[in-house]
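Data block below; observations after.
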Amino acid sequence: MTADDLSRRALERIAQCNDPADLRRLAENAKRLGNTEVRDAALRKLYAISPEGEPGTLEHDVWQSIYALEGALKDERGKTVLLSRTRQKIARDGEVRAVADLVCSKTASDGYKMLIDRGWPELTFEAVALRHPDCFDRAVLSAAKARLERTSSDR
């Protein structure tokens with residue numbers, strides 16, 4: 001069996017899998033083997049199924065972003081890192097306010113930069129805001145769009 005066949009089978013398995021432990025294992029094996037396509041697919045699926053909210057809702061998308069960033073931080077630092085301040089802000093003010101405040105900050109957060117560097121712009125709070133325009137005012141949506149456009153033109 002060729003490496004392409006193995007990758008194709010792994011990607012098919014990931015598409016059908018809803019078990020976080022299996023997805024983590026697939027991602028770890030793919031990393032060990034240097035297969036970034038399979039690793040990325042396993043991680044994306046893991047982060048998509050991790051939130052408790054209904055897929056497609058603002059809450060789901062916010063928590064998907066948080067889990068993705070926490071996963072990236074764990075990968076980078078070798079230990080579990082929780083976004084304590086963001087989690088506290090959500091508990092205190094809700095997802096909408098947390099997203100709006102980060103999107104409207106003058107500089108992009110480290111989390112934003114990390115997600116962009118990993119090729120996951122759709123997981124940034126800016127992208128989340130743009131997917132849920134009914135939840136945010138015009139200023140937040142303009143700031144989100146402008147930051148993402150600046151980032152794409154810088155690359």
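Laboratory data are not the source of any read-out in this text; all were calculated from the coordinates shown. Just so we're clear, the structure is a prediction, and the values are computed from it rather than from any experiment.
Worth pointing out:
- Length released on extending from Glu12 to Glu52, taking residue separation times 0.36 nm less the Cα-Cα span: 12.0 nm
- In the chain, the ratio of gyration radius to Kirkwood radius, Rg to Rh, stands at 1.00 when only Cα atoms are counted.
- The distance from the alpha carbon centre of the range 1-62 to that of the range 94-138 is 23 Å, rounded to a whole number.
- Cross-link table Lys79/Lys145; Lys74/Lys106; Lys89/Lys113, entries beyond 29 Å C-alpha to C-alpha: Lys79/Lys145
- Each stretch of four or more DSSP H residues adds -39500 (n - 2.57); spread over every residue of the chain, this sum gives -23000 deg cm²/dmol at 222 nm.
- Val81 long-range amide H proximity, modeled H, under 5 Å: Lys74
- 3J(HN,Hα) from dihedral phi, the range 27-43, Karplus parametrisation 6.51/-1.76/1.60, rounded to Hz, x for glycine, proline: 5, 5, 4, 5, 4, 4, 8, x, 9, 5, 5, 5, 4, 4, 5, 5, 5
- Gyration tensor (alpha-carbon) shape descriptor, the range 80-135, a/c threshold 1.5: oblate
- At the listed q of 0.17, 0.18, 0.27, 0.29 Å⁻¹, the Debye profile of the range 1-49, built from one uniform point per Cα, gives log10 I(q)/I(0) equal to -0.40, -0.44, -0.97, -1.09.
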